[in-house]
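Comments concern the structure below.
Read-outs throughout are calculated quantities, based only on the coordinates presented, and are distinct from any laboratory measurement. Source: prediction; values computed, not measured. Cβ placement follows ideal geometry from the backbone for every residue including glycine, while neighbour counts extend to all protein chains displayed.
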Amino acid sequence: MNISRRIFMAAMPLLPGAARARVLGGQDEAFAEIARQIGGVSSVSPYLIEAAEYEFDLAYGQAAKVEFVRAFGSGALGDRLDQANPALKAQAAFVALFLYTGEVTRDGVVSAKYYPWCLSWQAVTFATAPGACGGPGFGHWENAPQPGAM
């Protein structure tokens, strides 16, 4: 296949963007793997992983994510956490809290925006996520307590 000089030169401005996209894709995959390790389970919803990365970026910024991936991206996570500085430990705690609660804080207001997908539903056997309970509505109990019995 022959590529003319004209086509080659026309494509040159696109190459740095493609290279950057590939590098950022690697960062995203590395962050996702670290988040799975922090969560402690392999069956984390892809939506929750993407949300964790998005919320991490909002809370700490892109540069912090690069540092986070660099610090925790290789080796045993427990060993890396032991060696991490307090800022990185706080970021790991942020990811863990997010994965298990689905909570985010914006302008001092906490909301459980990702609650239905959070890992706490995998950790408990006596409850299910909202909308997955099989009942007619949120909070449905098959054998609800009698009024005044509690």
In order over the stretch 45-52: 3J(HN,Hα) from phi, Karplus 6.51/-1.76/1.60, θ = phi - 60°, whole Hz, x for each Gly or Pro, gives 4, x, 4, 5, 5, 4, 5, 4
Expected vector for the stretch 55-64, Karplus 3J(HN,Hα) from phi with 6.51, -1.76, 1.60 and θ = phi - 60°, integer Hz, x for Gly and Pro, equals 5, 4, 4, 5, 6, 10, x, 5, 4, 5
At R0 = 41 Å the Cβ-Cβ FRET efficiency linking Thr101 and Arg70, nearest 0.05, sits at 0.95
Simple spin-label estimate for Leu58/Val110, 7 Å along Cα→Cβ, in nm, reads 1.6 nm
Per the rule of 0.36 nm per residue minus the C-alpha distance, extending Asn85 to Val41 adds in nm 13.4 nm
